[in-house]
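Notes follow the structure.
Taken together, the values in this text are just the output of simple stated rules run on the coordinates, not laboratory data. Computed from a predicted model, the values in this text were never measured in an experiment.
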Amino acid sequence: MSLATLGLSSEILKALKDKGYESATPIQKALIPVMFTRRDIMAGAQTGTGKTAGFALPILQELSKTFVEGKHYPKAVVLVPTRELAKQVHASIEAYGKYLPLKSIVLFGGANLTSQANRLNAGVDIIVATSGRLLEHINQKNINLESVDYLVLDEADTILDMGFVHEVSKILQHLPSRRQNILVSATLSGAVKRLAEKILHRPKLIEVDSMGTSASSVMQIVYPVEKEKKTELLSFLIGSRNYKQVLVFARKKEVADEVGKELNLSGLKTAVIHGGKSSGERGRALEGFKEGKICVLVATDIAARGLDIPTLGVVMNYDIPHVTGDYIHRIGRTGRAGAEGLAITLISPLETVALKEVEKLMGKAIPQERLEGYAPKVTVVQKGARKNPKEHKNTDGAFGKKKQIKTAPKSKKRKTSKRDGFKAFDAAKPKPDKKDKKRGRGRRK
């Protein structure tokens with residue numbers, strides 16, 4: 001379907017032509033017409049399917065219709081989980097609206113707060129922000145959101161996974177009740193649907209290539225390997241196959257640092273990004289990777305949210321992610337916009353159960369290839385699958401062995417509280433009275 005048939009203005013179509021966009025993607029064909037109806041929307045769409053344009057283009061067009069010259073005030077807010085995704089979404093909005101009189105701003109932690117406040121005071125129409133930084137500006141009274149007509153929660157599943165739902169709840173208190181809400185997520189899990197119930201009013205459900213489906217253009221393969229030989233195999237695969245640009249995922253930042261160090265020693269120019277790196281360090285590493293100055297970029301799941309590298313051909317999973325659903329986000333970094341991609345996963349014997357969970361999510365078995373000298377001679381058989389990925393993990397990050405968690409005695413009452421917008425239980429141990437201690441001395445239990 002041509003973009004011209006979706007009712008977009010000539011200014012927007014001109015900007016899209018500059019970017020080389022001609023036809024609409026499935027999510028854009030489904031999302032854009034509903035956006036114009038002003039209904040609340042819950043959309044499930046895999047990364048790399050063009051969902052940003054799906055919600056941004058109608059917002060830009062509608063705001064430009066009612067724009068009054070010289071009057072810029074917040075009319076749309078797009079909340080995202082990470083600074084990388086914030087930069088990416090903002091860059092897209094700037095490109096789509098280059099021929100429109102609207103102003104936009106990106107807000108994220110690590111950048112100068114005063115500089116951002118000055119730009120807000122000068123006037124903006126669209127705000128793209130991480131929830132924490134936007135809340136800072138609200139608390140310092142740098143911004144007034146009473147005129148907001150659109151609220152977008154992009155990558156809502158990640159907002160939940162990273163524990164930002166409580167901040168989002170506070171932001172909602174500063175928004176007008178009459179507005180259009182759009183929730184976009186790669187997974188429409190139970191937690192996402194519960195969040196939608198709190199924010200959306202009778203939403204239209206749109207589901208295109210959401211969680212559980214991967215891009216057909218991404219070939220996936222698994223290599224069983226001894227844990228201590230993972231980095232060696234990683235280096236061998238990249239070097240022997242002459243991969244020019246590889247994004248490597250690791251669960252922990254300590255592991256990412258160690259892998260990056262070893263790959264550099266093996267002669268592969270490598271950079272590392274994770275939550276412990278500054279905004280400047282992450283930005284320089286990403287730019288170097290995009291420009292081809294760096295061959296390998298090692299990243300944790302948090303740091304890699306929202307990375308958009310159109311030409312990326314290979315993604316390698318050093319390990320299985322903590323949260324099974326993050327596997328979709330990882331492999332979604334390659335094979336974008338219909339291009340071919342390759343996703344390679346290295347698994348140690350203690351990650352077999354985690355792999356089964358990924359395959360269950362994907363709805364298919366992932367082909368395996370054993371390389372002599374790297375593959376384990378004996379496969380560890382694990383019984384049972386993990387129930388909660390965040391609680392059932394052992395010391396090396398693999399799944400299968402249940403970590404011992406101290407809990408309060410059953411006879412003690414548990415206090416209930418609301419954490420991240422949902423009910424959670426915290427074990428409480430009341431301190432015994434001094435008299436009770438004296439009475440208990442010398443008695444047999």
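Karplus-based coupling profile of the stretch 347-358, in residue order and whole Hz: 10, 8, x, 7, 10, 5, 5, 4, 5, 4, 5, 5, with θ = phi - 60° in 6.51 cos²θ - 1.76 cosθ + 1.60 and x standing for Gly or Pro.
Between the amide H of Ile294 and those of Phe289, distances stay under 5 Å, these residues lying 5 or more places away or on another chain, with hydrogens modeled in the peptide plane.
Amide H contacts for Gln180 (H built 1.01 Å from N in the peptide plane; partners 5 or more residues away or on another chain; cut-off under 5 Å): Tyr150, Leu151.
Cross-link pairs exceeding 31 Å between alpha carbons, from the set Lys75/Lys253; Lys204/Lys290; Lys14/Lys293; Lys293/Lys364; Lys17/Lys261; Lys87/Lys170: Lys75/Lys253; Lys204/Lys290; Lys14/Lys293; Lys293/Lys364; Lys17/Lys261.
Straight-distance candidates among the aspartates and glutamates for linking to Lys252, with alpha-carbon spacing under 15 Å and chain neighbours fewer than 8 residues away dropped: Asp301, Asp319, Asp326, Asp396. The mean sequence distance of close C-alpha pairs (under 8 Å, at least 6 residues apart), as a share of the length of the stretch 218-362, puts its relative contact order at 33 percent.
Residues whose amide H lies under 5 Å from that of Met316, counting only those 5 or more places away or on a different chain, are Leu247, Val248, Phe249, Ile344; hydrogens are built 1.01 Å from N in the peptide plane. With 10 Å bins beginning at zero, the pair-distance distribution over Cα atoms of the stretch 3-208 amounts to 8, 38, 39, 15, 0 %. 3J(HN,Hα) along the stretch 156-168, derived from phi through the Karplus expression 6.51 cos²θ - 1.76 cosθ + 1.60 where θ = phi - 60°, amounts to 4, 5, 6, 4, 5, 4, 8, x, 9, 5, 5, 5, 4 Hz, with x in place of Gly and Pro.
Can you pull the semi-axes for the stretch 253-366, root of five times each eigenvalue of the Cα gyration tensor, sorted largest first, whole Å?
Equivalent-ellipsoid dimensions as semi-axes: 24, 17, 13 Å.
Derived scalar couplings between HN and Hα for the stretch 274-289 equal 7, x, x, 8, 6, 4, x, 5, 5, x, 5, 5, 5, 5, x, 5 Hz in order, rounded to whole Hz, by the Karplus curve 6.51 cos²θ - 1.76 cosθ + 1.60 (θ = phi - 60°), x for Gly and Pro.
Ordered from longest to shortest, the equivalent ellipsoid semi-axes for the stretch 47-137 are 20, 18, 9 Å, each the square root of 5 times a Cα gyration tensor eigenvalue.
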